[in-house]
Amino acid sequence: MTELAMEAVRLSEVQLNASPINPDWILDGKPVARTAEWTRTLDGTTTFNVWDCTAGRFNWYFHVDEIVHIMDGSVTVSAEDSPPRTLVAGDAALFHAGTWSEWHVSDYVRKHAILRSGLPAPVLRALGFARNIRGALRKVSGRGKSAPSPRGL
């Protein structure tokens, strides 16, 4: 995998693939869902996806933390401990790992989703150590840049 300083995409142009909703989760209608991952972090803990869905009502289980940003259309979501909330284009929401919610798509919805899974503590420590070594090597080789101090300090 090539390490790029930046990746960019036009979210409206990401080509989506069929991603059927678990039939046991569908409460009403015949929603058709599609998705595509457009990139992921180097450590593999976070993926960036586009997802869309046609009309229907269904339950959804979040295996990992997911931040959604509604790009087009709308969806009304509710959870056991939250009243229904309609999300429209421009809205964002965080769904915590291990939770269920009910989604009601009246017509169509398209979202950008950022999914983040946690890593076990030993792996996080190893990654931190590797980053420190890499940063030190870059600094020694003259390729590293010093980050500016926050607020000019």
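What pairs come out if I take residues in the range 70-93 that are under 17 Å from CYS53 (Cα atoms) and modelled with pLDDT of 95 or more and pair them with residues that are of a type in the set (Asp, Glu) and assigned to a loop (DSSP other than H, G, I, E, B) whose C-beta lies under 9 Å away, six or more apart or interchain?
From the range 70-93, the pairs are ILE70/ASP91; SER74/ASP91.
Find all pairs meeting these conditions: Cβ atoms under 6 angstrom apart; at least six residues apart or on different chains; first residue within the range 121-134 and within 15 Å of LEU42 (Cα to Cα); second residue open to solvent by 50 Å² or more (accessible area, probe 1.4 Å).
LEU127/ASP43
For the range 42-56, give me each residue that is modelled with pLDDT of 95 or more and either small (Gly, Ala, Ser) or not in a strand (DSSP E or B) (or both). Steps first, please.
Quick first cut of the range 42-56, residues modelled with pLDDT of 95 or more only: 46-56.
Within the range 42-56, ALA55, GLY56 qualify.
Scan the range 123-135 and tell me whether some residue there is assigned to a loop (DSSP other than H, G, I, E, B), modelled with pLDDT under 95 and surrounded by 12 or more Cβ atoms within 10 Å (Cβ to Cβ).
Going through the range 123-135, the residues assigned to a loop (DSSP other than H, G, I, E, B) turn out to be none.
So far as the range 123-135 goes, no, none of its residues is assigned to a loop (DSSP other than H, G, I, E, B), modelled with pLDDT under 95 and surrounded by 12 or more Cβ atoms within 10 Å (Cβ to Cβ).
What pairs come out if I take residues in the range 52-69 that are without any contact (Cβ under 8 Å) to a residue 12 or more places away in the chain and at positive phi and pair them with residues that are surrounded by fewer than 16 Cβ atoms within 10 Å (Cβ to Cβ) and part of a strand (DSSP E or B) whose C-beta lies under 7 Å away, six or more apart or interchain?
So the pair list comes out empty.
Can you pull out every residue in the range 57-101 that is outside any strand (DSSP E or B), in contact with a Phe, Trp or Tyr (Cβ under 8 Å, 6 or more places away or on another chain) and surrounded by 13 or more Cβ atoms within 10 Å (Cβ to Cβ)?
Selection gives ALA97 alone.
Consider VAL88 carefully, then state whether it is touching a Gly at 6+ places or on another chain (Cβ under 6 Å) and not charged (D, E, K, R). Outline the logic, then answer.
On the way: touching a Gly at 6+ places or on another chain (Cβ under 6 Å): no; not charged (D, E, K, R): yes.
No: the conditions fail for VAL88.
Report, by residue number, each residue of the range 31-50 that is closer than 15 Å to VAL109 by Cβ and open to solvent by 50 Å² or more (accessible area, probe 1.4 Å). Break it down into steps so the answer makes sense when it comes.
First, the residues of the range 31-50 that are closer than 15 Å to VAL109 by Cβ: 31-35, 49-50.
Answer for the range 31-50, where residues must be closer than 15 Å to VAL109 by Cβ and open to solvent by 50 Å² or more (accessible area, probe 1.4 Å): VAL32, ARG34.
Under 9 Å by Cβ, and 6 or more places apart or on different chains, what pairs join a residue from the range 10-28 that is hydrophobic (A, V, I, L, M, F, W, C) with one that is open to solvent by 60 Å² or more (accessible area, probe 1.4 Å) and in a loop (DSSP other than H, G, I, E, B)?
Here the result reads ALA18/VAL32; ILE21/VAL32, each pair linking the range 10-28 to a residue that is open to solvent by 60 Å² or more (accessible area, probe 1.4 Å) and in a loop (DSSP other than H, G, I, E, B).
Which ones in the range 23-41 are closer than 18 Å to GLU66 by Cα and either assigned to a loop (DSSP other than H, G, I, E, B) or touching a helix residue (DSSP H, G or I) at 6+ places or on another chain (Cβ under 6 Å) (or both)? Can you show your working first?
As a first pass, look at the range 23-41 and keep what is closer than 18 Å to GLU66 by Cα: 33-41.
Matches in the range 23-41: THR41 only.
The values are calculated or read from the model by the stated rules, or taken from the named source; none is laboratory data. Since the structure is predicted, the reported quantities are computational estimates derived from the model, not experimental observations. Here the Cβ is made from the backbone with ideal geometry for all residues, glycine too, and neighbour counts use every protein chain on show. Side chains included, ligands, DNA and RNA excluded: accessible areas come from the protein's heavy atoms. Shrake-Rupley method; radii C 1.70, N 1.55, O 1.52, S 1.80 Å.
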